[in-house]
Amino acid sequence: MSKKIIVISAVNLVEAGTLTILRDCLHYLSELAQDDKYKVVALVYDKSYAFYPNIDYIETQKPKKNWIYRLWYEYVTMKDISLELGDVYLWFSLHDTTPNVKSIKQAVYCHNPFPFYKWKWRELFWTPKIVLFSLLSKYVYQINIHNNNFVVVQQRWIKDQFKRAFDLSDSNLIIAKPKSSSIQNIPNRTIEDKKYRFIYAASPNSHKNFECLTAATQILSQNINREFEVLITVKGDENGYARWLKGKWGGVSQLVFAGFMSKDALFQYYANSDALVFPSKAETWGLPISEFARFQKPMLLADLPYAHETAEGSVLTAFFNPDNPNELAQQMSKLMQGDNSFLNNTPINDVDQFTTNTWHDLFSVLLKK
(Lines give C-alpha, C1' and ligand atoms only; values in the text may rest on other atoms or scores of the structure.)
Protein backbone atom coordinates (compact mmCIF):
# COMPACT_ATOMS: atom_id res chain seq x y z
CA MET A 1 0.00 0.00 0.00
CA SER A 2 1.39 3.41 -0.97
CA LYS A 3 2.00 5.96 1.74
CA LYS A 4 -0.19 9.03 2.14
CA ILE A 5 1.86 12.14 1.45
CA ILE A 6 1.67 15.03 3.92
CA VAL A 7 3.31 18.29 2.81
CA ILE A 8 4.11 21.08 5.27
CA SER A 9 4.92 24.39 3.58
CA ALA A 10 6.73 26.80 5.88
CA VAL A 11 9.40 28.56 3.83
CA ASN A 12 8.82 31.85 5.65
CA LEU A 13 9.09 30.63 9.26
CA VAL A 14 12.55 31.39 10.63
CA GLU A 15 12.16 33.00 14.06
CA ALA A 16 10.21 33.48 17.29
CA GLY A 17 6.81 31.91 17.84
CA THR A 18 6.18 30.89 14.25
CA LEU A 19 9.40 28.87 14.18
CA THR A 20 8.28 27.17 17.39
CA ILE A 21 5.05 26.20 15.63
CA LEU A 22 7.05 24.67 12.76
CA ARG A 23 9.31 22.76 15.15
CA ASP A 24 6.43 21.41 17.22
CA CYS A 25 4.54 20.41 14.08
CA LEU A 26 7.49 18.55 12.52
CA HIS A 27 8.40 16.95 15.85
CA TYR A 28 4.94 15.37 15.94
CA LEU A 29 4.99 14.40 12.27
CA SER A 30 8.44 12.85 12.67
CA GLU A 31 6.89 10.37 15.08
CA LEU A 32 3.80 9.90 12.90
CA ALA A 33 6.00 9.14 9.88
CA GLN A 34 7.44 6.10 11.67
CA ASP A 35 4.18 4.50 10.65
CA ASP A 36 4.34 3.10 7.11
CA LYS A 37 1.09 4.89 6.32
CA TYR A 38 2.61 8.37 5.90
CA LYS A 39 5.38 10.18 4.06
CA VAL A 40 6.12 13.71 5.28
CA VAL A 41 7.68 16.40 3.08
CA ALA A 42 8.62 19.79 4.57
CA LEU A 43 9.25 22.92 2.49
CA VAL A 44 11.47 25.12 4.67
CA TYR A 45 13.96 27.98 4.56
CA ASP A 46 16.73 25.91 6.17
CA LYS A 47 16.25 22.39 7.50
CA SER A 48 18.78 22.99 10.28
CA TYR A 49 16.19 25.29 11.93
CA ALA A 50 13.78 22.37 12.42
CA PHE A 51 15.46 19.08 11.59
CA TYR A 52 13.79 15.81 12.58
CA PRO A 53 14.15 12.22 11.35
CA ASN A 54 11.66 10.55 9.01
CA ILE A 55 11.01 13.79 7.10
CA ASP A 56 12.04 14.71 3.55
CA TYR A 57 13.13 18.35 3.27
CA ILE A 58 12.99 20.80 0.37
CA GLU A 59 14.99 23.94 1.22
CA THR A 60 14.71 27.35 -0.42
CA GLN A 61 15.78 30.87 0.60
CA LYS A 62 14.34 32.76 -2.35
CA PRO A 63 10.84 33.43 -0.93
CA LYS A 64 12.41 35.38 1.96
CA LYS A 65 14.21 37.78 -0.40
CA ASN A 66 11.14 39.75 -1.41
CA TRP A 67 7.40 39.48 -1.94
CA ILE A 68 7.70 38.83 -5.68
CA TYR A 69 9.70 35.66 -5.01
CA ARG A 70 7.33 34.72 -2.19
CA LEU A 71 4.19 35.05 -4.31
CA TRP A 72 5.78 33.24 -7.26
CA TYR A 73 6.80 30.37 -4.99
CA GLU A 74 3.35 30.16 -3.37
CA TYR A 75 1.26 30.26 -6.51
CA VAL A 76 3.52 28.81 -9.22
CA THR A 77 6.46 26.80 -7.83
CA MET A 78 4.41 24.99 -5.19
CA LYS A 79 1.95 23.87 -7.85
CA ASP A 80 4.85 22.28 -9.74
CA ILE A 81 6.12 20.63 -6.53
CA SER A 82 2.68 19.20 -5.75
CA LEU A 83 2.47 17.70 -9.24
CA GLU A 84 5.98 16.22 -8.98
CA LEU A 85 5.20 14.59 -5.62
CA GLY A 86 2.19 12.82 -7.06
CA ASP A 87 -0.96 12.20 -5.06
CA VAL A 88 -0.53 14.54 -2.09
CA TYR A 89 -3.09 13.63 0.58
CA LEU A 90 -2.74 16.74 2.77
CA TRP A 91 -1.03 20.04 1.99
CA PHE A 92 -0.77 22.12 5.16
CA SER A 93 0.53 25.69 4.85
CA LEU A 94 1.82 26.97 8.19
CA HIS A 95 2.20 30.61 7.19
CA ASP A 96 -1.13 32.29 6.47
CA THR A 97 -1.18 32.00 2.67
CA THR A 98 -3.08 29.34 0.73
CA PRO A 99 -0.83 28.15 -2.10
CA ASN A 100 -2.03 27.03 -5.51
CA VAL A 101 -1.43 23.25 -5.26
CA LYS A 102 -2.95 19.94 -6.26
CA SER A 103 -3.85 17.78 -3.25
CA ILE A 104 -6.74 15.72 -1.94
CA LYS A 105 -7.04 17.87 1.21
CA GLN A 106 -5.69 21.30 2.01
CA ALA A 107 -5.37 23.39 5.18
CA VAL A 108 -3.80 26.69 6.25
CA TYR A 109 -2.60 27.88 9.67
CA CYS A 110 -3.32 31.59 10.17
CA HIS A 111 -1.39 33.29 12.97
CA ASN A 112 -1.20 36.84 11.67
CA PRO A 113 -3.47 39.34 13.52
CA PHE A 114 -2.66 42.30 11.27
CA PRO A 115 -5.85 42.27 9.16
CA PHE A 116 -7.59 43.41 12.35
CA TYR A 117 -4.90 45.79 13.65
CA LYS A 118 -5.58 49.55 13.73
CA TRP A 119 -2.20 51.09 13.02
CA LYS A 120 -1.08 54.68 13.59
CA TRP A 121 0.44 56.99 10.99
CA ARG A 122 3.75 57.30 12.83
CA GLU A 123 4.27 53.57 12.37
CA LEU A 124 4.97 54.29 8.70
CA PHE A 125 8.30 55.72 9.87
CA TRP A 126 9.10 53.14 12.57
CA THR A 127 8.09 49.79 11.13
CA PRO A 128 6.54 50.27 7.67
CA LYS A 129 6.32 46.50 7.19
CA ILE A 130 3.73 46.32 9.98
CA VAL A 131 1.57 48.90 8.20
CA LEU A 132 2.01 47.09 4.90
CA PHE A 133 0.96 43.79 6.50
CA SER A 134 -2.09 45.48 8.00
CA LEU A 135 -3.12 46.88 4.62
CA LEU A 136 -2.45 43.80 2.52
CA SER A 137 -2.73 40.72 4.74
CA LYS A 138 -6.53 40.54 4.54
CA TYR A 139 -6.29 40.30 0.76
CA VAL A 140 -3.44 37.79 0.91
CA TYR A 141 -5.49 35.67 3.33
CA GLN A 142 -8.43 35.82 0.96
CA ILE A 143 -6.58 34.36 -2.04
CA ASN A 144 -7.60 30.70 -2.39
CA ILE A 145 -8.88 30.57 1.21
CA HIS A 146 -11.98 28.64 0.13
CA ASN A 147 -9.77 25.94 -1.40
CA ASN A 148 -8.98 24.80 2.14
CA ASN A 149 -10.86 22.05 3.87
CA PHE A 150 -9.72 23.61 7.14
CA VAL A 151 -8.50 27.02 8.32
CA VAL A 152 -6.59 26.80 11.61
CA VAL A 153 -6.48 29.74 14.05
CA GLN A 154 -5.43 30.10 17.68
CA GLN A 155 -8.38 31.80 19.42
CA ARG A 156 -12.16 32.19 19.35
CA TRP A 157 -12.06 35.92 18.65
CA ILE A 158 -10.02 35.51 15.48
CA LYS A 159 -12.22 32.61 14.41
CA ASP A 160 -15.21 34.95 14.66
CA GLN A 161 -13.36 37.59 12.65
CA PHE A 162 -12.54 35.05 9.92
CA LYS A 163 -16.14 33.89 9.74
CA ARG A 164 -17.30 37.42 9.07
CA ALA A 165 -14.43 38.54 6.84
CA PHE A 166 -14.19 35.46 4.60
CA ASP A 167 -17.63 33.84 4.88
CA LEU A 168 -16.31 30.63 6.45
CA SER A 169 -18.36 28.10 8.39
CA ASP A 170 -17.72 26.76 11.89
CA SER A 171 -16.85 23.34 10.50
CA ASN A 172 -14.10 24.86 8.31
CA LEU A 173 -12.43 26.67 11.21
CA ILE A 174 -10.34 24.87 13.84
CA ILE A 175 -8.99 26.53 16.98
CA ALA A 176 -5.54 25.11 17.78
CA LYS A 177 -4.28 26.43 21.09
CA PRO A 178 -0.48 26.83 21.13
CA LYS A 179 1.47 24.96 23.76
CA SER A 180 3.53 27.18 26.05
CA SER A 181 7.06 26.26 27.05
CA SER A 182 7.60 24.06 30.07
CA ILE A 183 8.99 25.37 33.35
CA GLN A 184 11.35 23.15 35.28
CA ASN A 185 12.35 23.82 38.88
CA ILE A 186 12.42 27.61 38.72
CA PRO A 187 11.49 28.99 42.15
CA ASN A 188 9.68 32.30 42.49
CA ARG A 189 11.73 35.36 43.41
CA THR A 190 15.32 34.20 43.74
CA ILE A 191 16.61 37.79 44.16
CA GLU A 192 16.32 39.05 47.74
CA ASP A 193 15.71 42.80 47.84
CA LYS A 194 12.83 45.22 48.23
CA LYS A 195 12.75 46.41 44.62
CA TYR A 196 9.45 45.77 42.84
CA ARG A 197 10.04 44.27 39.39
CA PHE A 198 7.82 44.39 36.30
CA ILE A 199 8.58 42.60 33.02
CA TYR A 200 7.31 42.84 29.46
CA ALA A 201 8.67 40.31 26.97
CA ALA A 202 7.99 41.02 23.30
CA SER A 203 9.75 41.73 20.02
CA PRO A 204 10.61 45.39 19.25
CA ASN A 205 7.73 46.03 16.86
CA SER A 206 5.34 48.96 16.96
CA HIS A 207 2.17 46.90 17.46
CA LYS A 208 3.67 45.61 20.72
CA ASN A 209 2.90 49.07 22.15
CA PHE A 210 5.93 49.42 24.42
CA GLU A 211 5.30 53.17 24.60
CA CYS A 212 2.29 52.67 26.87
CA LEU A 213 4.53 50.95 29.43
CA THR A 214 7.52 53.27 29.04
CA ALA A 215 5.28 56.32 29.45
CA ALA A 216 3.63 54.75 32.51
CA THR A 217 7.08 54.05 33.96
CA GLN A 218 8.08 57.69 33.52
CA ILE A 219 4.88 58.80 35.26
CA LEU A 220 5.61 56.47 38.18
CA SER A 221 9.23 57.59 38.42
CA GLN A 222 7.98 61.11 39.13
CA ASN A 223 5.20 60.18 41.54
CA ILE A 224 6.22 57.20 43.68
CA ASN A 225 8.98 56.80 46.22
CA ARG A 226 9.29 53.01 46.22
CA GLU A 227 12.25 51.49 44.40
CA PHE A 228 11.19 49.58 41.28
CA GLU A 229 12.33 48.55 37.80
CA VAL A 230 10.63 47.71 34.52
CA LEU A 231 12.45 45.27 32.26
CA ILE A 232 11.64 45.20 28.54
CA THR A 233 13.15 42.87 25.95
CA VAL A 234 14.22 45.75 23.70
CA LYS A 235 17.84 46.81 23.40
CA GLY A 236 17.20 50.09 21.61
CA ASP A 237 19.00 49.66 18.30
CA GLU A 238 16.99 46.93 16.55
CA ASN A 239 14.91 49.20 14.28
CA GLY A 240 13.43 52.69 14.03
CA TYR A 241 10.79 51.94 16.64
CA ALA A 242 13.33 50.61 19.15
CA ARG A 243 15.58 53.63 18.59
CA TRP A 244 12.62 55.96 19.17
CA LEU A 245 11.78 54.19 22.44
CA LYS A 246 15.37 54.38 23.67
CA GLY A 247 15.75 57.99 22.57
CA LYS A 248 12.58 59.16 24.31
CA TRP A 249 12.64 57.06 27.50
CA GLY A 250 16.25 55.88 27.77
CA GLY A 251 16.85 58.42 30.54
CA VAL A 252 14.22 56.87 32.83
CA SER A 253 16.44 55.06 35.31
CA GLN A 254 13.81 52.51 36.27
CA LEU A 255 13.60 51.21 32.69
CA VAL A 256 15.90 48.30 31.82
CA PHE A 257 16.46 47.88 28.08
CA ALA A 258 17.52 44.23 28.30
CA GLY A 259 17.19 43.18 24.66
CA PHE A 260 16.46 39.70 23.34
CA MET A 261 17.15 36.82 25.73
CA SER A 262 17.09 33.05 25.59
CA LYS A 263 14.03 31.16 26.81
CA ASP A 264 15.90 29.94 29.90
CA ALA A 265 17.02 33.48 30.78
CA LEU A 266 13.50 34.80 30.20
CA PHE A 267 11.95 32.26 32.57
CA GLN A 268 14.51 33.19 35.21
CA TYR A 269 13.45 36.82 34.84
CA TYR A 270 9.82 35.73 35.15
CA ALA A 271 10.74 34.04 38.43
CA ASN A 272 12.53 37.16 39.68
CA SER A 273 9.72 39.54 38.67
CA ASP A 274 6.74 40.55 40.75
CA ALA A 275 4.33 41.24 37.89
CA LEU A 276 3.89 40.97 34.12
CA VAL A 277 2.70 43.87 32.00
CA PHE A 278 1.45 43.08 28.49
CA PRO A 279 0.19 46.12 26.53
CA SER A 280 0.42 44.64 22.99
CA LYS A 281 -2.34 45.73 20.61
CA ALA A 282 -2.22 42.80 18.18
CA GLU A 283 -1.75 39.12 19.02
CA THR A 284 -3.26 35.85 17.96
CA TRP A 285 -2.34 34.44 21.38
CA GLY A 286 0.20 36.28 23.56
CA LEU A 287 2.42 33.43 24.72
CA PRO A 288 4.16 35.30 27.60
CA ILE A 289 0.75 35.57 29.28
CA SER A 290 0.41 31.78 29.31
CA GLU A 291 4.00 31.36 30.45
CA PHE A 292 3.82 33.90 33.27
CA ALA A 293 0.36 32.81 34.47
CA ARG A 294 1.81 29.59 35.87
CA PHE A 295 3.82 31.60 38.40
CA GLN A 296 0.47 32.83 39.83
CA LYS A 297 1.68 36.41 40.18
CA PRO A 298 -0.07 39.65 39.13
CA MET A 299 -0.60 40.32 35.42
CA LEU A 300 -1.66 43.66 33.93
CA LEU A 301 -2.96 43.06 30.41
CA ALA A 302 -4.28 45.10 27.50
CA ASP A 303 -8.07 45.18 27.58
CA LEU A 304 -8.40 43.41 24.23
CA PRO A 305 -10.09 40.13 23.19
CA TYR A 306 -6.86 38.15 22.69
CA ALA A 307 -5.65 38.95 26.23
CA HIS A 308 -8.93 38.03 27.90
CA GLU A 309 -8.95 34.69 26.07
CA THR A 310 -5.29 33.87 26.71
CA ALA A 311 -5.64 34.73 30.40
CA GLU A 312 -8.59 32.38 30.97
CA GLY A 313 -8.02 30.41 34.16
CA SER A 314 -5.37 32.81 35.49
CA VAL A 315 -5.39 34.45 38.92
CA LEU A 316 -4.47 37.98 40.05
CA THR A 317 -5.22 39.58 36.67
CA ALA A 318 -6.39 43.07 35.65
CA PHE A 319 -6.92 44.78 32.30
CA PHE A 320 -6.16 48.33 31.18
CA ASN A 321 -6.77 50.56 28.17
CA PRO A 322 -3.63 50.07 26.02
CA ASP A 323 -3.90 53.70 24.87
CA ASN A 324 -3.91 55.07 28.44
CA PRO A 325 -0.52 54.99 30.21
CA ASN A 326 -2.03 56.89 33.16
CA GLU A 327 -4.43 54.02 33.84
CA LEU A 328 -1.57 51.54 33.61
CA ALA A 329 0.56 53.67 35.94
CA GLN A 330 -2.26 53.68 38.51
CA GLN A 331 -2.49 49.89 38.43
CA MET A 332 1.28 49.50 38.72
CA SER A 333 1.30 51.95 41.63
CA LYS A 334 -1.37 49.95 43.46
CA LEU A 335 0.67 46.76 43.12
CA MET A 336 3.76 48.46 44.53
CA GLN A 337 1.70 49.68 47.48
CA GLY A 338 0.52 46.14 48.19
CA ASP A 339 -3.02 46.73 46.93
CA ASN A 340 -4.21 43.67 44.99
CA SER A 341 -7.91 44.38 45.49
CA PHE A 342 -8.45 45.26 41.81
CA LEU A 343 -7.05 41.94 40.59
CA ASN A 344 -9.39 39.09 39.70
CA ASN A 345 -9.45 35.49 38.58
CA THR A 346 -10.20 35.23 34.86
CA PRO A 347 -13.02 32.73 34.21
CA ILE A 348 -12.76 29.98 31.61
CA ASN A 349 -15.46 30.38 28.97
CA ASP A 350 -17.16 27.52 27.16
CA VAL A 351 -14.76 25.61 24.92
CA ASP A 352 -15.54 25.76 21.20
CA GLN A 353 -16.37 22.28 19.91
CA PHE A 354 -13.87 22.75 17.08
CA THR A 355 -10.92 23.22 19.46
CA THR A 356 -7.76 21.11 19.58
CA ASN A 357 -5.11 21.24 22.29
CA THR A 358 -2.34 19.06 20.84
CA TRP A 359 -0.79 18.37 17.44
CA HIS A 360 -2.14 14.84 17.69
CA ASP A 361 -5.68 16.19 18.07
CA LEU A 362 -5.20 18.65 15.21
CA PHE A 363 -3.86 16.10 12.74
CA SER A 364 -6.57 13.65 13.76
CA VAL A 365 -9.00 16.18 12.33
CA LEU A 366 -6.91 17.17 9.29
CA LEU A 367 -6.27 13.55 8.24
CA LYS A 368 -9.76 12.25 8.96
CA LYS A 369 -11.37 10.66 5.91
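The values are calculated or read from the model by the stated rules, or taken from the named source; none is laboratory data. What you see is a predicted model; the values in this text were computed from it and never measured. Because the Cβ atoms are built from the backbone with ideal geometry, glycine has one as well, and the counts that use them run over all protein chains shown.
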Whichever residue in region 281-314 is touching a Phe, Trp or Tyr at 6+ places or on another chain (Cβ under 8 Å), modelled with pLDDT under 95 and of a type in the set (G, A, S) and, among such residues, is farthest from P204 (Cα to Cα): A307
Of all residues in region 216-244 being assigned to a helix (DSSP H, G or I) and in contact with a Leu (Cβ under 9 Å, 6 or more places away or on another chain), the one that is farthest from E327 (Cα to Cα): S221
Failed condition for T317, given (1) among the hydroxyl-bearing types (S, T, Y); (2) modelled with pLDDT under 95; (3) over 23 Å from S206 (Cα atoms): (2)
Test: residue in region 349-356 that is within 18 Å of the chain's Cα centre (by Cα) and either outside the structural domain of S103 (by TED's automatic domain parsing) or in contact (Cβ under 8 Å) with a residue 12 or more places away in the chain (or both): yes
Residues of region 51-87 classified as farther than 18 Å from L13 by Cβ, of a type in the set (A, V, I, L, M, F, W, C) and either surrounded by fewer than 18 Cβ atoms within 10 Å (Cβ to Cβ) or modelled with pLDDT of 90 or more (or both), total: 4
Enumeration of residues in region 220-245 that are surrounded by fewer than 18 Cβ atoms within 10 Å (Cβ to Cβ) and either hydroxyl-bearing (S, T, Y) or over 24 Å from the mean Cα position of the chain (by Cα) (or both): S221, Q222, N223, I224, N225, R226, E227, E229
Qualifying residue in region 107-118 (condition: touching a Ser or Thr at 6+ places or on another chain (Cβ under 7 Å), small (G, A, S), under 30 Å from A307 (Cα atoms) and buried (at least 19 other Cβ atoms within 10 Å of the Cβ)): no
When residues of region 14-50 are limited to those that are among the aliphatic types (A, V, I, L, M) and part of a helix (DSSP H, G or I), the one surrounded by the fewest Cβ atoms within 10 Å (Cβ to Cβ): A16
